[in-house]
Every structure is written in structure tokens, then in C-alpha cells.
1. Tell me which residues, restricted to segment A:221-247, are under 34 Å from the mean Cα position of the chain (by Cα) and crowded, with 22+ Cβ neighbours inside 10 Å.
2. Of the residues A:Tyr122, A:Tyr97, which single one is among the aromatic types (Phe, Trp, Tyr) and open to solvent by 30 Å² or more (accessible area, probe 1.4 Å)?
3. Considering every residue within segment B:33-56, establish whether at least one is assigned to a helix (DSSP H, G or I), within 14 Å of chain A (Cβ to nearest Cβ), open to solvent by less than 80 Å² (accessible area, probe 1.4 Å) and without any contact (Cβ under 8 Å) to a residue 60 or more places away in the chain.
4. Going residue by residue through segment B:1-12, is there one that turns out to be in a helix (DSSP H, G or I), within 14 Å of another protein chain (Cβ to nearest Cβ), surrounded by fewer than 17 Cβ atoms within 10 Å (Cβ to Cβ) and among the charged types (D, E, K, R)?
5. A:Leu320 passes all but one of (1) open to solvent by 10 Å² or more (accessible area, probe 1.4 Å); (2) of a type in the set (A, V, I, L, M); (3) modelled with pLDDT of 90 or more; (4) over 24 Å from A:Leu358 (Cα atoms); which number fails?
6. Can you find a residue that is out of contact with any Leu (no Cβ under 9 Å at 6 or more places or on another chain), β-branched (Val, Ile, Thr) and open to solvent by 30 Å² or more (accessible area, probe 1.4 Å) anywhere in segment A:356-367?
7. Only one residue in A:Val306, A:Val317 is within 14 Å of chain B (Cβ to nearest Cβ), in a helix (DSSP H, G or I) and free of Cβ contacts under 8 Å to residues at least 40 places away in the same chain. Which one?
Amino acid sequence: MTGREMFRELLATFPGKAGVVMLVILIGLSIYAAVRFPLDWGRNEWSDPARWSDNPKSAPPAWVNLLPGTDRLGTTKLAASTPTDVSPSGNGEVRTYRLPITFDADEPPTFVSLSVAAVTYYSRPPILTVSLARPDETEVVLYRQVVRGPREGEVAPFQRFRQAPLRVVLNNESTAIANMADFFRDTYGADLHQTTVRNSMNRALFGRPDPNDPDGLVLMPGEYVFNLRVSFTDARDSLESVQFVVAGSVFGLMGTDALGRDLAQALLFGLPIALIIGISASVITTSIGATLGVISGYAGGRTDMVIQRFADIVANVPLLPLLIFFVFVVGSNLYLIILFLVAFSWPGLTILLRSMVLQMRTGQLIESATTLGASRWRIMYRHIFPHVAPYVFAQMIFFAPAAILAEASLSFLGLGDPSIPTWGQILENGFRTGAVFLGYWWWVIPPGVLIIITAVTFMFLALGMEPVVNPRLRRVR
Amino acid sequence: MSFARPLALRAITLIGVLLVVLLLLVVTLGATGFSDRLLEATIGEEVRGLRTSLSQSRTFGGNVEALDEAVEVRRAELVEFYDLDQHWARRLPKTVLRVLTLDLGEARNLKSFSGSRRVSDIVLDRLPNTALLLTTSLVITAIIGLIAGVRLSTRIGSKIDRIVSYFSAVSFATPAWWLGILMILIFAFKFGLLPSGGMYSTPPPEGGFLRFLDLLKHAILPVLTLVLVSIGPYIYSVRTMTMNVAQEDHVAMARAKGMPEGIVTRRHILRVAAPPIVTGLILGLAGSLGGSILVETIFNWQGMGRLYFEAVSGGAPDEGVIVALTFVFTLLYVAARFILEVLYIVLDPRVRYT
């Protein structure tokens with residue numbers, strides 16, 4: 001049977017068709033992911049909590065709002081790199097960054113933060129002032145900071161917040177809380193205790209005092225504007241970017257984990273990794289298994305006996321405990337994990353192929369090839385292998401999900417490669433931090449579903465291959 | 001007709017497996033420097049114990065130098081006793097013996113149920129729990145798989161057959177631990193029907209029967225999870241094997257003779273298909289063992305699988321426990337294999353004549 005015939009036979013069945021379609025989709029998404037993420041994404045971004053600090057923690061995906069009866073605040077990131085207006089003041093100028101936001105949710109944000117990146121100045125340190133203009137025509141100054149002055153021996157230009165941006169969590173900042181309490185007293189005549197404001201600062205930012213409310217504060221929907229004013233004294237002074245984050249309680253397509261990491265990104269990153277694990281492990285395993293099986297069956301004698309004894313023993317080893325042991329002792333590197341998987345998985349095919357080749361060896365086909373003077377290797381390669389190729393191919397497809405599942409299991413036990421986040425590791429993280437027991441379904445269900453979809457794709461292909469491998473089924477269908 | 005020869009052959013292979021695993025363990029431990037660390041930990045433990053007891057004794061009262069000297073002498077003795085001063089390869093036979101007898105010193109963090117810190121106590125304490133979970137789910141899987149698979153083989157290509165094919169694909173593709181998490185989310189948290197983990201309620205109920213019922217209640221979810229992930233492929237393999245036999249000429253002959261369908265199925269199909277069905281069970285064994293490790297972890301079932309999780313996690317992993325676990329799991333696997341092999345030899349007369 002030629003490759004094209006095999007493919008046609010595969011497409012003739014429903015599982016075969018479904019498997020091919022799903023595989024094409026998965027490969028397409030993998031290519032997108034491979035382009036989108038650098039290889040060291042896991043080490044440099046995923047494992048760096050600072051990168052995710054502006055996301056809400058343990059937030060379900062944003063689309064839960066589509067469910068009836070749920071209306072939760074999404075996360076808004078307001079960013080600017082050029083000032084909205086510039087006005088001269090004294091011997092310098094004040095640059096204002098105005099970032100408006102419409103607030104109309106029934107719940108306060110989970111946190112409000114400000115980030116300022118890369119400030120450069122030449123003579124006097126600039127002053128940063130943060131204020132919030134509110135829908136009732138009032139404005140509250142929340143926070144003020146003078147950028148750190150020149151250090152001893154430092155020469156202009158002075159660069160600040162370049163490696164790590166200045167990040168202020170406004171709802172935790174004590175000066176902002178004190179300012180807010182003062183503002184409430186001056187504007188509304190409400191004498192709220194500072195602790196009250198501290199405890200519900202998020203509500204205070206987007207609300208007004210109300211003595212009838214048990215909290216003392218009610219949310220006030222409308223147009224808010226975050227203002228950052230920066231006073232510069234030199235025309236060359238600059239500020240790269242400013243960002244205000246109003247974090248809600250839902251986030252993105254897939255939600256976030258306990259560190260605020262975007263799960264959608266990790267899930268996408270995990271796809272090509274899973275495919276690479278499955279495909280590379282299965283290709284290597286079947287190559288070794290098939291080669292040894294054909295040699296063992298055709299060569300016979302002592303070679304056969306050695307290979308078969310060896311295969312017998314390796315095939316009878318309990319896989320997972322030994323995988324755990326080796327990965328634990330030698331180290332959890334993804335390549336090593338694949339290597340161990342291969343080392344314990346090849347014998348099944350070897351034993352199967354040997355028995356098939358044994359039957360074929362005495363057949364007329366091989367006899368005539370031998371009579372024509374074909375070499376042993378040529379006979380194995382040209383006359384035996386094509387006959388067993390469909391089996392080998394089917395086994396190759398069948399083994400891919402097994403490899404993916406084995407890696408996921410190891411990751412789940414905490415033995416995954418720490419520099420490469422896989423689906424199993426996301427789940428492990430969720431299980432270990434108690435996400436399961438807190439009911440964080442968006443964290444634990446999607447990785448499992450993706451593992452199943454990927455594995456089922458290969459299973460469908462294997463099911464579709466069955467009529468190719470087992471002609472009896474072709475008769476039945 | 002003799003059982004002895006094939007049985008001995010199987011036993012030799014399985015003992016070979018055990019030896020090879022043992023050798024792999026020990027060589028890996030030695031080559032990576034793990035065995036040195038293990039021994040050092042053992043010696044350190046003993047020396048520390050000696051120091052405490054000596055410092056309390058009157059002889060050394062206050063004489064720190066003499067105490068240090070005595071401890072140092074003891075340490076040197078121990079190093080010699082354990083051959084720590086020699087290359088790991090020379091220590092190989094001794095290490096093999098130590099693993100074989102589970103003489104792996106004391107665990108760092110873990111304790112057995114009775115509070116002992118000896119690795120062998122910790123691991124052996126958990127063995128019955130693992131065996132209980134594994135056997136129960138294996139027996140249930142085998143019975144359901146057999147009945148369903150044989151039924152299906154008479155209606156190949158029907159709608160139900162196709163549904164089961166897809167189910168078995170999904171069942172094979174589902175990670176046991178993920179299904180376990182799902183079970184906890186649904187049955188324990190959403191509906192609050194069953195406990196989410198552990199083996200007994202706290203405090204455990206008094207009385208043998210109540211205690212047993214409590215155990216049963218805690219076992220439902222783990223067993224269900226294990227059965228669900230392993231049953232699909234098993235039904236499918238029984239169905240395919242039975243179908244292959246059902247298409248043989250001798251079955252057509254039996255039907256042509258006018259035999260009742262029940263007898264045809266039992267005597268002419270099942271009897272012939274029995275050995276490969278047992279083979280299917282043998283092949284699924286390793287998977288079930290792996291599955292049980294993960295399911296125990298999820299459901300906090302106090303077996304050896306959960307122990308793996310506990311030994312791997314945490315700041316200081318318990319190496320000795322992991323070595324012991326790997327060996328005992330291999331032992332358990334080999335024992336289960338042997339039982340099934342005996343069954344196979346009983347079922348397949350051809351093996352006895354060769």
C-alpha cells in the first residue's frame with residue numbers, strides 16, 4: 001500500500017477525517033505560538049512574577065460575564081507615552097498625561113496601580129504628581145513623588161526606573177489613603193476613619209461617602225480621569241511611558257493564576273511543546289523499535305535471542321515509577337524526559353514486528369530476493385519493511401498521546417522541566433496551591449481539556465488507520 | 001502436559017526484570033553521586049545521635065575536645081563500615097543488598113503512621129493501601145471490560161460500537177489525575193456528595209463495620225477515576241480480540257451445526273479469545289499502576305503513590321524514600337504480572353506443550 005493509498009483510506013473513515021482536521025488546526029496554532037513566543041519565554045517571562053504584577057490574581061476569564069447573572073469588572077490598562085498637554089511653569093514645563101476611564105461596574109476594582117518607566121533628566125529631579133478627576137467635577141491628588149536625585153559621582157543624563165519601572169499600588173499606598181480621607185472630609189464633609197478608607201480604598205477611589213451605606217461608601221459610576229503631572233526643568237528631560245491599571249475580577253480569555261499570570265498565554269505556549277514531545281518521542285521510539293524488530297526477526301539466531309531477551313525485560317518494567325526515579329535523580333530536563341520515555345517504550349513494537357517478520361522470512365518473496373543476490377540490508381529495507389510499514393506508522397501515531405500523557409504525569413508530580421511551562425505544570429501549580437479546593441475551574445480544567453484534545457487527535461488518527469492495518473475491518477465496514 | 005517449564009521461564013524473565021531494575025537503580029544512584037549523599041546522611045544522623053547522648057553523659061562533662069575526638073573516631077568507623085571512602089562501583093554489591101532489604105536509613109521529613117522515621121517502615125506501611133486501591137479497580141475494570149467487550153463484538157460497526165470506540169479513545173487520552181480533579185470539583189465541591197480525599201473521616205467512626213463503610217465512601221471517587229481511565233482501552237481490546245475469533249471458520253462451523261448462541265460464545269469464541277484477553281490485562285497493568293500513583297496523589301489516598309508526591313515535593317526531597325518506592329513498585333508490578341502469567345498458562349494449553 002503506498003502512502004497516498006494509506007492517506008485515502010484514512011480519510012474514508014470519520015475518525016480519520018476528524019483526526020486530520022484536528023491535527024491541521026493544532027499544527028496551525030502551534031506555528032502561531034512558535035512565532036509569537038521566544039524559546040526562552042518560560043524562563044524569562046512566565047517565571048518572572050514582576051511581569052504579571054499588573055494582572056488581577058486568580059481571576060476567571062472575562063467571558064464569564066456572558067453568563068446570565070454575572071457582571072464583573074474587567075481589567076483596564078491605560079497607557080500613554082506622549083503627554084496630552086504641556087504647559088510652561090517657572091523655568092521649566094509641566095507635562096500632563098491624561099488617561100480617562102469610564103467606570104460603571106457594580107463592584108470596586110481589585111487594585112489600582114501606576115507604573116512609570118524610564119525617566120531621564122539632566123538638571124533637577126522631576127516631580128511626579130498623580131491625581132484622579134472624578135465624575136462630580138472634583139479632583140483628588142493621590143500621590144506625589146520626587147524622582148531620586150543624582151548620586152555621588154553620577155553625571156547627567158540621570159536615568160531612573162529603566163531596569164524596573166516605578167510601580168505604585170495606589171490602593172495600598174498610605175499617602176494616597178490619607179489624601180483620600182482628607183479629600184472626603186473637605187469635599188463631602190464626611191468624617192471617615194482612615195482605617196475605613198484603607199480597608200475599602202478601591203471602593204473609595206471610585207465612590208463617595210454615604211452615611212446610609214453599611215460600608216460608608218457607595219460606588220459612583222461615571223467618567224474618571226487619571227492624571228500624571230511631571231514637572232521637567234530641562235527640554236531634554238523625558239519619560240518613556242506611563243500606565244494606570246484598574247484591575248477587575250475577571251481577566252482575558254482564560255483568566256489568571258494566583259500570581260496573576262495570563263493562563264491563555266501559557267496554554268498556547270504549551271501546545272507546540274506538547275506536540276514536540278509527542279511527535280519526537282514517538283518517531284524516535286518507533287524508529288528504534290522497528291529497526292530492532294526487523295533485524296531480530298530477519299537475522300534470527302543469537303542476534304534475535306539477545307534482542308528479544310532485552311526487549312522482554314525492558315517491556316516488563318513499570319514505566320511511571322522508573323520515570324519518576326530517573327527524572328528525580330538525573331534532573332528534569334525536557335530532552336532527558338523524552339530520552340527516558342524512548343528508552344522504556346521501544347520494546348512493544350520490536351516484539352510485534354519480530355513475529356510478523358518471522359512469518360515473512362520463509363515466504364517466496366524473500367526467497368526470490370535472496371536468490372537474486374540482494375544483500376541482507378537491502379532485503380530488510382526494500383522487501384520486508386514496506387510490508388510492516390502500516391503497522392509501524394499506526395504505532396507511531398498511537399504512541400504520541402502516550403508520550404504526551406507521560407510527560408504531563410511527570411509534570412503533575414512536580415518533576416517537569418522548570419524552564420519550559422507545559423500543561424501538566426499549570427495543573428500541578430493549580431493543584432499544589434489549592435486551586436482545586438477553591439473551585440478555580442478556569443485554572444485546572446482547560447489544561448486537561450487541551451491534553452485530551454491533543455491526545456484524542458492522535459487517537460482518532462490511529463482509529464482511522466485501523467482499516468489500513470487490519471484488513472478484516474475493511475471487509476466489515 | 002506440564003506447568004513447570006513455562007512457569008519457570010516466566011519467573012526467570014520476571015526475576016531478570018527485577019534484577020535489571022535493581023541494577024539500573026543502583027548504578028544511577030552511584031554514578032550521580034546520590035548514594036554518597038544517602039550514606040552521608042545516614043552517617044550524619046548516627047553521629048549526631050552519638051554526640052547528643054555523649055554530651056549528656058558524665059564522662060565528657062564539659063570536655064568538648066575529648067567529645068569531638070570520640071565523635072570523629074566513630075565517624076571514621078562508620079565511613080569505613082559503609083565503604084564511603086571507596087568508589088561507588090566497588091560498593092555496588094552492598095548497595096544492591098541495601099536496596100533489596102530496604103535498608104535505606106531514615107527519612108528526612110516523612111514519618112510512618114506509627115511515627116517511625118525508617119524508610120522501610122514508611123513505605124511498607126503504605127503498601128496495603130496501594131494494593132487495595134489497585135486490586136479493586138483492576139477487578140472492576142476486568143469484569144466490566146469483559147462483559148461489555150464480548151457484547152460489543154457481536155455488533156461490530158453498530159452505533160453503540162462506534163460510540164464505545166470514541167469513548168475508548170477519549171478514555172485513553174484522559175490523564176487519570178485530571179479526571180480525578182474533575183471528580184473532586186463536581187462530586188465533592190459542587191454537590192458535596194462524597195469526600196474530596198483521604199481514606200477515613202476525621203475522626204474515623206468507631207466499630208469495624210462503620211469504619212469499613214467510611215473507607216468505602218472514600219474509595220468511590222478514586223476507584224471510579226481509575227476504572228474510567230482504564231476501561232475504555234480494555235473494552236476495545238476485548239472487543240477486537242473477540243471479534244477476530246468470532247470471524248474464524250470454526251465459529252461459523254459451530255453455528256452451522258445449530259449450536260445455541262450462548263454456547264458458541266462461551267465455548268467457541270471466549271475460550272479461544274481468553275489468553276489474548278489476559279495478555280491485554282497484562283499490558284494494561286503498567287498503566288494502571290501509573291494511574292494509581294497519580295490518583296492517590298489527587299485524592300490524598302495514603303498509599304505509596306501519594307508518598308512519591310510527598311517525597312518529591314518540599315524543599316528537601318527524601319531520596320531514600322524514592323529509591324525504596326521505585327523498588328517496591330517494581331516488586332508489586334512483577335508480583336501482579338506473575339499472577340496474570342500463571343492465569344495465562346492455565347488458559348492457554350499451547351504454552352504447556354512447547
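1. A:Phe226, A:Leu228, A:Leu239, A:Val242, A:Phe244, A:Val245, A:Val246, A:Ala247
2. Details: A:Tyr97 fails: open to solvent by 30 Å² or more (accessible area, probe 1.4 Å).
Testing whether each residue is among the aromatic types (Phe, Trp, Tyr) and open to solvent by 30 Å² or more (accessible area, probe 1.4 Å) leaves just A:Tyr122.
3. Scanning segment B:33-56, I find at least one residue that is assigned to a helix (DSSP H, G or I), within 14 Å of chain A (Cβ to nearest Cβ), open to solvent by less than 80 Å² (accessible area, probe 1.4 Å) and without any contact (Cβ under 8 Å) to a residue 60 or more places away in the chain, so the answer is yes.
4. no
5. (3)
6. Taking every residue of segment A:356-367 in turn, at least one turns out to be out of contact with any Leu (no Cβ under 9 Å at 6 or more places or on another chain), β-branched (Val, Ile, Thr) and open to solvent by 30 Å² or more (accessible area, probe 1.4 Å).
7. Working: A:Val317 fails: in a helix (DSSP H, G or I).
Of A:Val306, A:Val317, the one residue that is within 14 Å of chain B (Cβ to nearest Cβ), in a helix (DSSP H, G or I) and free of Cβ contacts under 8 Å to residues at least 40 places away in the same chain is A:Val306.
Every residue, every condition in (1) outside any strand (DSSP E or B); (2) modelled with pLDDT under 85; (3) surrounded by 17 or more Cβ atoms within 10 Å (Cβ to Cβ); (4) touching a helix residue (DSSP H, G or I) at 6+ places or on another chain (Cβ under 7 Å), yes or no:
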position	(1), (2), (3), (4)
A:Met1	yes, yes, no, yes
A:Glu5	yes, yes, no, no
A:Gly19	yes, no, yes, yes
A:Leu26	yes, no, yes, yes
A:Ile31	yes, no, no, no
A:Lys57	yes, no, yes, no
A:Thr82	yes, no, no, no
A:Ser87	no, no, no, no
A:Glu93	no, no, yes, no
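The values are calculated or read from the model by the stated rules, or taken from the named source; none is laboratory data. Being a predicted model, the structure only gives us computed values, none of them experimental. Glycine also receives a Cβ, built like all others from the backbone with ideal geometry; neighbour counts cover every protein chain displayed. Ligands, DNA and RNA are excluded from the accessible area calculation, which covers all protein heavy atoms including side chains. Shrake-Rupley method; radii C 1.70, N 1.55, O 1.52, S 1.80 Å.
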